[in-house]
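Worksheet: one structure, shown below.
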Amino acid sequence: MSQFTPDSLYANLATLDGRRSVPAKQLTGPAPDDATLLRLLQSAVRVPDHGKRMPWRFLLIRGDARHALGERLAARGIERDANGGEAAVEKDRLRFSHAPLVVTVIAKLGPDEKIPEQERLLSAGCVCFALLQAAQAAGFGAQWLTGWPAYDAEVARWFALGDHEHIVGFIHIGTPKLDAPERERPDPRTLLDEWIP
Ligand SMILES: Cc1cc2nc3c(=O)[nH]c(=O)nc-3n(C[C@H](O)[C@H](O)[C@H](O)COP(=O)(O)O)c2cc1C
């Protein structure tokens, strides 16, 4: 299998192939308004979901809350690493101040008699990806970020996460300040084997 089918046969793939992240630092206002955001989320929840568990929910961070969160992160970052340096503190302070809207995607995991936790986590990951796709399709730019705040117990407390809830992504959404550069993409032929019994 060395040849690709010509693109002209699959026009709809152009949309998928055009997806790329816009770095959060390159995002500015306007953000999607409330009606548009709900529409994007409507697309984002159309993900595979074994057992229809809906193992995800959303927490918005926008407006002044972004800056308040940045102040807390700067202080928390120093608590975590007092020798991190001023640049690290500043990075934490500004983490949520670039894009006008951040959608936190939270996976709801924990015991389940039938559906393995991994499958529910994967479904939550799909939500993140689908939200990126939806944002771009609606003319916005977006980037999926995590960093230490996604895994920090104190941040989880600020967000009032439940015992089995985990942040799987901060989806930064806004209007691109510039065209995001493309990066080299993997060639699937280098990743492909065939199982022969
Ligand atoms: C779960 C997850 C977490 C990520 N966290 C970060 C992050 O904290 N910082 C970062 O620079 N990129 C992060 N990325 C990568 C970006 O989302 C993005 O893939 C990257 O900027 C390349 O852009 P592309 O989506 O156009 O390939 C993460 C990706 C995933 C899937």
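Structure values in brief
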quantity	calculated
Calculated FRET efficiency for the pair Gln118/Arg57, C-beta based, R₀ 25 Å, to 0.05	0.85
Linear extension gain, Ala87 paired with Trp158, 0.36 nm per residue minus alpha-carbon span	23.2 nm
18 Å Cα-Cα reach of Lys52 towards lysines, excluding residues that sit fewer than 8 places from it in its own chain	Lys108, Lys114
Theoretical FRET efficiency, 1/(1+(r/R0)^6), r = Cβ-Cβ of Thr5 and His67, R0 41 Å, to 0.05	0.25
Segment Ala137-Ser21, extension gain: residue separation times 0.36 nm, minus the distance between their alpha carbons	40.5 nm
In Å, descending, principal axis extents of the Cα set of the range 1-121	54, 43, 38
With Cα atoms, 0 to 90° folded angle of helix 117-137 axis to the chain main axis	90
Cα-centre dipole for the range 1-147 with unit charges at Cβ (Lys and Arg positive, Asp and Glu negative), debye to 20	180
Around Gly70: net Lys/Arg minus Asp/Glu count, Cβ-Cβ under 9 Å	+2
Degrees between helix 64-80 axis and first principal axis of the chain (Cα, 0 to 90, nearest 10)	80
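Since every read-out is calculated from the coordinates, none of them should be taken as a lab result. As the structure is a prediction and not an experimental result, all values here were calculated from the model. Virtual Cβ from ideal backbone geometry, glycine too; neighbours counted across all protein chains shown.
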